[in-house]
Amino acid sequence: MKKGIFIKECRNRFLCLVNIDGKEEECYISNSSKLSNYISLKGKEVMLIENKGNNLRTKYTLQAAYINRRWVLLNLNIINELLFETFDSSIKNQIFREYYIDDYKSDFYNNDAKEVIEVKGVLSNQETVLYPIVSGGRHLRQLNSLEKILQQGFKVRYIFVLMNPAIKEIKINTKNVEIAEKFKRCISLGMKIEIWTTWWYAGKCHLKLMPKKQVYIT
C-alpha cells in the first residue's frame, strides 16, 4: 500500500490527482460518478494500491481515505470480492458471479438456494443516507427485473455495503415514487435486505453484517 494526500478530481471522472512523496500523480478512481457527489476528499490522506498490467495510464488506484479518524473505502471494484470472502466455504462452489437470469445480470447467484444477490456500495459522509443518492434510472430498471425474478420463484437478497462505517442508516428516497414503490413491491414478494459495513485490520478492508432494521422506506 502507498499513501498520499488527495488534491482534486480531474475532468475525466475516472482520474484524480494525489500528492505522493511531494509529487503530483494521476491516479485511477474506480467509480463512474464523481466522488464529490458523495464525499469531500480535498486534503485528506488516502491509501493507494498499485495497478497491475502493462501500458497503463496510472500507476495507482484510489483505495481509501482517512476521514474523522477512520478509513473510508473508495474502491467500488473490490466490494464484490470482499463480500465473496464472507461466504461460507461450503457454499462457495455454488456461488456464480455475474450470472444471467433472462436479461438480468446478477452480482452473485447461489445455485443451491436459487438465490440472486444484488450488491450496492453506499458512499457518503452523512450518518443517514437517502438512497439512491444520484439519478435512479438504473436502480429502477434493476428493481423491475428483480420483481420479475421474484415472481418466477427465485429468492433475492439485496445487500447494501456501507463504504463509510460512519453511516448509520439508509432511507429509500421517497421523492422518487417509482423506486420507493418498487422496493415495497419487491419486499412484499420476499426480497431480503441486508446491510454490511467495512472494518479495517492491518491495512486490509473486511466486511461485517450489521443489525437489522436500518433500511427505511418512509
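Could you tell me which numbered condition K120 fails, if it satisfies all but one of (1) closer than 24 Å to N31 by Cα; (2) open to solvent by 20 Å² or more (accessible area, probe 1.4 Å); (3) not aliphatic (A, V, I, L, M)?
(2)
Out of S33, S40, which single residue is touching a residue at least 12 places away in the same chain (Cβ under 8 Å) and surrounded by fewer than 14 Cβ atoms within 10 Å (Cβ to Cβ)?
Going through S33, S40 in turn, the sole match is S40.
Which residue, of K168, K148, K175, K182, is under 20 Å from the mean Cα position of the chain (by Cα) and open to solvent by 30 Å² or more (accessible area, probe 1.4 Å)?
Just a single option satisfies the conditions, and that option is K168.
Please return the ranges of strands (runs of 3 or more DSSP E) entirely within region 1-57 where 1 or more residues are of a type in the set (D, E).
Details: elements: 2-9, 15-20, 23-28, 45-50.
Where strands (runs of 3 or more DSSP E) fall fully within region 1-57 and carry at least 1 residues being of a type in the set (D, E), they are 2-9, 23-28, 45-50.
In region 82-131, which residue that is farther than 17 Å from E194 by Cα and assigned to a helix (DSSP H, G or I) is nearest to the chain's Cα centre (by Cα)?
K92
So which residues in region 16-30 are open to solvent by less than 40 Å² (accessible area, probe 1.4 Å) and modelled with pLDDT of 95 or more?
Start the filter on region 16-30 by keeping residues that are open to solvent by less than 40 Å² (accessible area, probe 1.4 Å), which leaves 16-18, 20, 27, 29-30.
Answer for region 16-30, where residues must be open to solvent by less than 40 Å² (accessible area, probe 1.4 Å) and modelled with pLDDT of 95 or more: C16, L17, V18, I20, C27, I29.
Against the definition (β-branched (V, I, T), touching a strand residue (DSSP E or B) at 6+ places or on another chain (Cβ under 9 Å), touching a residue at least 40 places away in the same chain (Cβ under 8 Å) and more than 25 Å from C205 (Cβ to Cβ)), how does I101 come out, yes or no?
yes
The values are calculated or read from the model by the stated rules, or taken from the named source; none is laboratory data. All values derive from a computational prediction rather than experimental measurement. Every residue, glycine among them, receives a Cβ derived from its backbone with ideal geometry; neighbour counts consider all protein chains shown. Surface accessibility is based on the protein's heavy atoms, side chains included, excluding ligands, DNA and RNA. Shrake-Rupley method; radii C 1.70, N 1.55, O 1.52, S 1.80 Å.
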